[in-house]
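Enquirer: Structure provided below as structure tokens; questions to follow.
Throughout, read-outs are computed from the coordinates displayed, never taken from laboratory work. Only a predicted model underlies this, so the values are computations on that prediction, with no experimental measurement involved. With ideal geometry, Cβ positions are generated from the backbone for all residues, glycine too; neighbour counts draw on all protein chains shown.
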Amino acid sequence: MIKRNEIIQGDCIEILGKVTEPAADLIFADPPFNIGYKYDVYEDRKAYDEYYQWTHDWMAACQKILKPNGSFWVAIGDDYAAEVRVIARKLGLNLRNWVIWHYTFGQATKNKFARSHTHLFYFTNTTNPKAITFNDMEIRVPSARQTTYADKRANPKGKIPDDVWSFSRVCGTFNERVKWHPCQMPQRVLERIIKVSSNPGDMVIDPFSGSGTTMVAAAMLGREYFGTDLSEDYVAKSKIRIADTLAGRCKKTDISENPVAKRPGRKVGGGRKKSVAAKSAKPSNSAPDTAVLFD
């Protein structure tokens, strides 16, 4: 039984396996990447075959509760991105986009190229685009025609973002950073996914709720939510985080996805001279534009 606006402690495969009918309009999953990380009650270190089977099992549990027109997003690292794609194909999920979340802060290597991205798979249960929730007007960003070329052909509403997203990782100095969870997703990433793939009142489910970011973003955007996590401590602290955020006791990130709408009076095209706003505006995937989200 899916409880609205609740996070419960337990194994997602067992909990979701008890759900008897599709309940999720949107599922976002950020599972352990099997890279040897130690969480409070789980060590992220399995043999390859064990991790593969476990990935298959939790993805199957999620696919089972996904509504026919629902969306299923999975965040995963390089080591098992190919396996996630193969498993999704076996489960009959349709791949709409293979998004790369790119970041440039905090990583450094001495003898190979630094890894600076995470894979975001965007799956659906159906191949019919008309049956899928895709709220493009909620996530449009300025196009190069607007920000660089002052091209009169530019759509004043901006464009749908590319499949490479540049958002900073959550660093220790950021307002949204919690101190009790080691691997926290940026709220901005979840806000974009929730806005584009669900509507107000829809059910958003996160089987690895962790720091509670999915639930915080869903609640702030008027969605219902349900999460599971193995850690009793993470569940308890996530509930406090959600309550504090909704009560205004936490500093919030900027949830406005459409920078075009925030620049009133700006002219697009219509001559060789650019407006002041057009000169200063930067695409949403530039470092300065993402940096303003965090104090």
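Enquirer: Using modelled backbone amide H atoms (1.01 Å from N, in-plane), which distant-in-sequence or interchain residues come within less than 5 Å of G70's amide H?
Expert: Those lying under 5 Å, H to H, from G70 are N125.
Enquirer: Could you work out the Kirkwood radius for the range 156-255, taking every pair of different alpha carbons, averaging 1/r and inverting it, reported in Å? Working shown, then result.
Expert: Working: mean 1/r = 0.0703 Å⁻¹.
Kirkwood radius, the range 156-255: 14.2 Å.
Enquirer: May I pose another question? Once you have the Cα-Cα distance between D40 and E232, take 0.36 nm times their residue separation minus that, and quote the gain in nm to one decimal.
Expert: Values: separation 192, 0.36 × 192 = 69.12 nm, distance 0.95 nm.
Contour length minus Cα-Cα distance gives 68.2 nm.
Enquirer: Another one. Give me the one-decimal nm value for the distance between modelled label points at D11 and M137, 7 Å along each residue's Cα-to-Cβ direction.
Expert: Computed distance between label sites D11 and M137 equals 4.6 nm.
Enquirer: Is there a pair in K3/K239; K38/K112; K38/K64; K67/K130; K179/K239 whose C-alpha atoms are over 18 Å apart, and which pairs would that be? Before the final figure, lay out the partial values.
Expert: Numbers: K3/K239 14 Å; K38/K112 24 Å; K38/K64 29 Å; K67/K130 15 Å; K179/K239 15 Å.
Distance filter (> 18 Å) returns K38/K112; K38/K64.
Enquirer: Applying 1/(1 + (r/R0)^6) with R0 = 45 Å to the Cβ-Cβ distance of N128 and K3, what FRET efficiency is obtained, to the nearest 0.05?
Expert: On the way: r = 30 Å, r/R0 = 0.67.
Plugging the Cβ-Cβ distance into 1/(1 + (r/R0)^6) gives 0.90.
Enquirer: Excluding same-chain residues fewer than 8 positions from K46, which aspartates and glutamates have a Cα within less than 20 Å of its Cα?
Expert: Reachable aspartates and glutamates: D11, E14, D30, D57, D78, D79, E83, D229.
Enquirer: Oh, and also: Subtract the Cα-Cα distance of L91 and A60 from 0.36 nm times their separation in residues, and report this length gain in nm to one decimal. It would help to have the intermediate numbers written out before the result.
Expert: Numbers: separation 31, 0.36 × 31 = 11.16 nm, distance 0.68 nm.
Stretched fully, the L91-A60 segment lengthens by 10.5 nm.
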